[in-house]
1. Hey, can you tell me all the residues within the stretch 222-256 that are modelled with pLDDT under 90 and away from ligand 2 (no atom under 16 Å from the Cβ)?
2. Could you give me the residue pairs with C-beta distances under 7 Å whose first residue belongs to the stretch 324-347 and is under 15 Å from K310 (Cβ atoms) and at pLDDT 95 or above, whose second residue is small (G, A, S) and more than 16 Å from ligand 2 (Cβ to nearest atom) wherever it lies, and which are 6+ apart or on separate chains?
3. Looking at A91, A153, A95, which is the one that is surrounded by 15 or more Cβ atoms within 10 Å (Cβ to Cβ), modelled with pLDDT of 90 or more and either not in a loop (DSSP other than H, G, I, E, B) or not polar (S, T, N, Q) (or both)?
4. Which members of the stretch 281-301 meet the condition of being out of contact with any Leu (no Cβ under 7 Å at 6 or more places or on another chain), within 16 Å of ligand 1 (Cβ to nearest atom) and not aliphatic (A, V, I, L, M)?
5. Examine the stretch 52-74 for a residue that is over 30 Å from G278 (Cβ atoms) and more than 28 Å from the chain's Cα centre (by Cα), and state whether such a residue exists.
6. Within the stretch 312-337, work out how many residues are within 16 Å of ligand 1 (Cβ to nearest atom), part of a helix (DSSP H, G or I) and either surrounded by 19 or more Cβ atoms within 10 Å (Cβ to Cβ) or among the polar types (S, T, N, Q) (or both).
7. Please specify each residue of the stretch 247-268 satisfying the condition of being away from ligand 3 (no atom under 16 Å from the Cβ) and either among the basic types (K, R) or under 26 Å from I332 (Cβ atoms) (or both).
8. Before we move on, is N238 exposed (fewer than 14 other Cβ atoms within 10 Å of the Cβ), out of contact with any Asp or Glu (no Cβ under 6 Å at 6 or more places or on another chain) and either farther than 30 Å from Q201 by Cβ or not assigned by TED's automatic domain parsing to the domain that holds L174 (or both)?
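The values are calculated or read from the model by the stated rules, or taken from the named source; none is laboratory data. For clarity, every value in this text was computed on a predicted model and none was experimentally measured. All Cβ positions, even for glycine, are placed from backbone atoms using ideal geometry, and neighbour counts span all protein chains on display.
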Amino acid sequence: MVLRNIGNQLSKALSKKNVVARIGGDKFGIILKDIKSSEDIFVYIDKIYKLIQQPVRVGEQEIVLSMSMGISIYPNDGKDMKQLISKTEIALSQARRSETNKYMFYGEHMNSDAKNFLLMENKLLKAIKNEEFIVFYQPYFNLRTHELEGLEALVRWEDKESGIISPGIFIPILEETGLIKEVGRQIIKIVCRQLRQWLDQGYEVVPVAINLSPVQFRSSTLLKDIMEAVEEYELNPNLIVFEITESTFMQDIAATYEVLREMKNAGFTISIDDFGTGYSSLSYLKKFPVDHLKIDLSFIRDITKDTDDKAIVNAIISMAHHLNLKTIAEGIEEEEQLKELFYLQCDIGQGYYWSKPVSAHNVEAFLKCDLRNHTGIENF
Ligand code: C2E
Ligand code: CA
Ligand code: CA
């Protein structure tokens with residue numbers, strides 16, 4: 001129904017001169033014939049965007065869709081159908097990988113990006129084999145008591161040539177290739193091993209939040225992998241939080257519900273990450289067994305200046321509290337933001353104001369230790 005609906009709307013919106021076709025799965029192809037200048041293309045991009053952004057009603061449900069576009073131009077990018085389609089496909093896969101660009105034009109730079117991608121994939125395969133992934137930890141704090149509430153595990157790749165590489169660079173490639181399942185397994189294991197080590201050293205540990213990517217979340221072996229790691233290191237599941245982004249939640253509601261239920265039953269804590277960037281329906285939020293809601297850092301950045309952002313954050317917090325969820329504000333960098341969030345009754349805060357993500361060794365300064373009487377937290 002959704003595909004048919006989109007097909008109809010696209011053909012209506014793009015006038016008779018142009019060609020709209022569904023070319024497989026959830027992929028549509030469009031040939032625009034009445035383009036005279038590059039501005040014309042942007043008018044169409046905008047039109048298609050607005051159209052896709054309209055929620056689609058299917059029975060009782062409202063569905064919000066997302067979309068990526070790849071664009072190539074005749075005759076610059078190719079002189080025949082085959083060339084044009086293959087370049088459009090390359091542009092599309094680029095658009096999919098990009099977090100910010102939902103559309104991409106084919107360009108010469110993309111050829112080299114595609115080569116880089118293959119190169120990266122091979123390097124990542126080696127990295128998985130050699131276990132080159134490491135985990136950094138970023139603390140988060142109770143805004144009322146200033147006590148440490150937990151740590152977020154953030155993966156890094158320690159490449160021999162390039163040094164430490166951020167997840168923004170390699171996670172999209174791991175996702176696209178499906179390698180994320182294996183790396184995700186390694187991350188869960190690293191975190192569990194670390195928690196066990198801290199416990200054995202006498203640290204008073206706090207829960208550690210692990211990010212789960214969409215592909216990982218949909219993996220049939222996820223729960224088994226998690227339980228194996230937790231059992232191997234003899235940990236209480238209440239020491240592990242799983243962060244799942246709002247958009248992952250909304251992808252397949254019934255399946256998501258099942259997985260979350262099982263996680264909750266096993267004793268894990270669930271956090272919705274990047275909240276505010278998707279289009280969650282509030283009625284679903286109420287039904288999901290979740291504990292925390294992390295307000296996306298894009299709303300926190302200008303909270304002291306932008307009254308819209310402040311109003312949104314205020315609304316998210318009061319809604320969360322009505323649903324019995326704790327709120328975490330991420331990306332707090334300045335005291336002013338902290339004050340604002342405290343005033344809005346946000347429960348927990350995380351950000352450079354306290355600490356960047358740091359190595360396991362460096363984050364120990366925030367943990368209390370019975371044996372060595374560490375009181376690093378008091379400095380903050
Ligand atoms: P995220 O889960 O939203 O993580 C928060 C990101 O914001 C982190 O970037 C963190 O370093 C950054 N951040 C924290 N405080 C501040 C601040 O005060 N100001 C600013 N500007 N940024 C701040 P990082 O570590 O580069 O991670 C980026 C993203 O990569 C994460 O976003 C998450 O989606 C993904 N990621 C990281 N580790 C993992 C992982 O182990 N598994 C999976 N699947 N994804 C991960
Ligand atoms: Ca996160
Ligand atoms: Ca986030």
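1. Those that are modelled with pLDDT under 90 and away from ligand 2 (no atom under 16 Å from the Cβ): M250, Q251, D252, I253, A254, A255, T256.
2. Short answer, once both residue conditions are applied: T327/A320.
3. Numbers: A91 fails: modelled with pLDDT of 90 or more; A95 fails: modelled with pLDDT of 90 or more.
None of the others qualify; the one that does is A153.
4. As a first pass, look at the stretch 281-301 and keep what is out of contact with any Leu (no Cβ under 7 Å at 6 or more places or on another chain): 281-284, 287, 294-301.
Okay, now just the ones that are also within 16 Å of ligand 1 (Cβ to nearest atom), so 294-301.
Of everything in the stretch 281-301, those that are out of contact with any Leu (no Cβ under 7 Å at 6 or more places or on another chain), within 16 Å of ligand 1 (Cβ to nearest atom) and not aliphatic (A, V, I, L, M) turn out to be K294, D296, S298, F299, R301.
5. Going residue by residue through the stretch 52-74, those that are over 30 Å from G278 (Cβ atoms) are 73-74.
Subsequent filtering for residues that are more than 28 Å from the chain's Cα centre (by Cα) retains 73-74.
Yes: the stretch 52-74 contains one or more residues that are over 30 Å from G278 (Cβ atoms) and more than 28 Å from the chain's Cα centre (by Cα).
6. To start, the set of residues in the stretch 312-337 that are within 16 Å of ligand 1 (Cβ to nearest atom) comprises 313, 316, 327-337.
From what's left, part of a helix (DSSP H, G or I): 313, 316, 335-337.
If we keep only those that are either surrounded by 19 or more Cβ atoms within 10 Å (Cβ to Cβ) or among the polar types (S, T, N, Q) (or both) as well, we get 313, 316, 337.
Of the residues in the stretch 312-337, 3 are within 16 Å of ligand 1 (Cβ to nearest atom), part of a helix (DSSP H, G or I) and either surrounded by 19 or more Cβ atoms within 10 Å (Cβ to Cβ) or among the polar types (S, T, N, Q) (or both).
7. If we filter the stretch 247-268 for residues that are away from ligand 3 (no atom under 16 Å from the Cβ), which is where we start, we get 251-268.
Matches in the stretch 247-268: R261, K264, F268.
8. Working: exposed (fewer than 14 other Cβ atoms within 10 Å of the Cβ): yes; out of contact with any Asp or Glu (no Cβ under 6 Å at 6 or more places or on another chain): yes; either farther than 30 Å from Q201 by Cβ or not assigned by TED's automatic domain parsing to the domain that holds L174 (or both): no.
So N238 fails the test.
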